[in-house]
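First comes the structure, then the notes that go with it.
Since every read-out is calculated from the coordinates, none of them should be taken as a lab result. Small disclaimer: the values here were computed from a predicted structure and weren't measured. Positions of Cβ are backbone-derived with ideal geometry, glycine not excepted, and every protein chain shown enters the neighbour counts.
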Number of protein chains: 2
Amino acid sequence: MQSHTPAGRAGRPRSAAADAAILAATREALVELGWSKLTLGDVATRAGVAKTTVYRRWTGKSELVTDALATLFDQLVLPDRGSLRADVEGVVLQFADLLEQPATKTALMAVVAEATHDEALRQRLREKIVARQKRLVVEGRRRAQSRGEIPADVTDPGPQIDLIFDVIAGAVVHRTLVSCEPVDADWASRFTAVLLDGLAAAGG
Amino acid sequence: MQSHTPAGRAGRPRSAAADAAILAATREALVELGWSKLTLGDVATRAGVAKTTVYRRWTGKSELVTDALATLFDQLVLPDRGSLRADVEGVVLQFADLLEQPATKTALMAVVAEATHDEALRQRLREKIVARQKRLVVEGRRRAQSRGEIPADVTDPGPQIDLIFDVIAGAVVHRTLVSCEPVDADWASRFTAVLLDGLAAAGG
DNA sequence: AGCTTTCGCTACGACTCGTAGCGTAATGCC
DNA sequence: GGCATTACGCTACGAGTCGTAGCGAAAGCT
């Protein structure tokens, strides 16, 4: 949200129900209208609140959509499927499912586009989406190490984690949204094989 | 362009100079204003033409920006650096340079975002960008085969070409625009190693 | 020449923008 | 309970953009 209710603040507090209604209305409007035709006035009407209530909490369309998008990405989890390979395939398919949702794909690309010339929005995107989802890579690595599938870290794992994250997320996004081809079980299997074999051979 | 001059058509032909001026003005406006603040009226003013002239050739902002974007992507070539590994690193760095240009990054993401809910625009994107750039992968493979670095095709190479294209383009785009980290020589080297070793081990 | 099409220009109604002002509702503090 | 404070819904506003229409003039094909 744009502003948490300051602790010990006098006066009527912001309605949490209004926050939720606005975010839900934003996701709904993204599906029906897409980014460019989405208006904050329309979102307010759908949410059953006044337009001014939306503007009191978010400074603009970009910020609102970013927060609505974050609620969608937080659906992602890393189910334990028993092996590194199966875990990666699982997260690839799960991410692809998320990108199949019209609200997700429209919002993600539009926010990234706006962020290219808006430093504050870039920061928001990093905090609420990138940093939160990178946890999946960290967790997957940790699990694979505890299973003995990959060696424990000897050097700083940061760069490798970044590389893996960009390759997985980038490839899935690109195939789904730019090439407009489906990410099915076969593609996920072939992609995972290339990634894991490449990491094993190249040594990170 | 939106409409080629029909052959053997009577009357005054469309000005090719106006086409070029409009596309150049669009690239310029994308840099300064980004997608959401770019208006066709402003583009017309910058190009030194009337607003109606723009609307006669392109049906909307998305189509115009897509064509302006295609002129930027057509800068990409595949220099022969002597080995598959060097060729891939070269194209990765070249693509990263292209995405450093403000006009490219803003336009690419915005067009993809609009394309998620516009089938005609998706088609235009595939024709003018995706299909044209996939040639780089095809050419790189052909060269590597003629050098004997990889075996000649036994099965249909189509799926592998698609996979390679999405992994390369996706990873570079994601690192540059979503993670907002630079694609330098070190990253390109590590990425290329993972990709090529993975393809060699996984066998496509 | 004569015909056809494009060009620049102006104007138009419709829409969205983000903000301001009002009276009312809901809460914390005393 | 009463009061100060803040959020809320509503209405209205000027500014800006949208995409289109109509006009006379310019430019090129046959």
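One Cα centroid belongs to segment B:153-204, the other to segment B:46-118; the line between them spans 20 Å. Provide the FRET efficiency to the nearest 0.05 for the residue A:201-residue B:120 pair, computing r from the beta carbons and using R0 = 41 Å. The calculated FRET efficiency here is 0.40. For residue A:132 and residue B:55, a Förster radius of 56 Å and the Cβ-Cβ distance give a FRET efficiency of 0.85, rounded to the nearest 0.05. Computed from Cα positions, the angle between helix A:61-73 and the longest principal axis of chain A comes to roughly 50 degrees. Inter-chain Cβ neighbour count for A:32-45, averaged per residue, equals 2 (cutoff 10 Å, partner chain atoms only).
I need the fraction of alpha carbon pairs in chain A separated by more than 30 Å, rounded to a whole percent. Value for chain A: 32 percent of Cα pairs lie more than 30 Å apart. Across the identical copies, the 7 Å label point of residue B:39, projected outward along Cα→Cβ, sits 1.5 nm from its counterparts, in ascending order.
Say the cut-off is 19 Å between C-alpha atoms; which of A:37/B:105; A:61/A:134; A:128/B:105; B:37/B:61; A:51/A:105; A:61/A:105 go over it? From the list (A:37/B:105; A:61/A:134; A:128/B:105; B:37/B:61; A:51/A:105; A:61/A:105), the Cα-Cα distance tops 19 Å for A:37/B:105; A:61/A:134; A:128/B:105; A:51/A:105. Projected onto their three principal axes, the Cα atoms of segment A:16-58 cover extents of 25, 16, 15 Å, largest first.
Taking Cα atoms only, the orientation of helix B:158-173 departs from the longest principal axis of chain B by about 70 degrees. Rg ratio for segment A:97-189: its Cα radius of gyration over 2.2 N^0.38 Å, N being its residue count, equals 1.25. Distances between copies at residue A:123, taken between label points 7 Å from Cα along the C-beta direction, are 4.5 nm in increasing order. Per residue of B:155-163, other chain Cβ atoms within 10 Å of the residue Cβ number 2 on average.
Within the protein assembly as shown, the percentage of alpha carbon pairs spaced more than 27 angstrom apart rounds to 55%.
Could you calculate the FRET efficiency of residue B:12 with residue B:45 from 1/(1 + (r/R0)^6), where r is the beta carbon distance between them and R0 is 22 Å, rounded to 0.05? Rounded to the nearest 0.05, the efficiency is 0.45.
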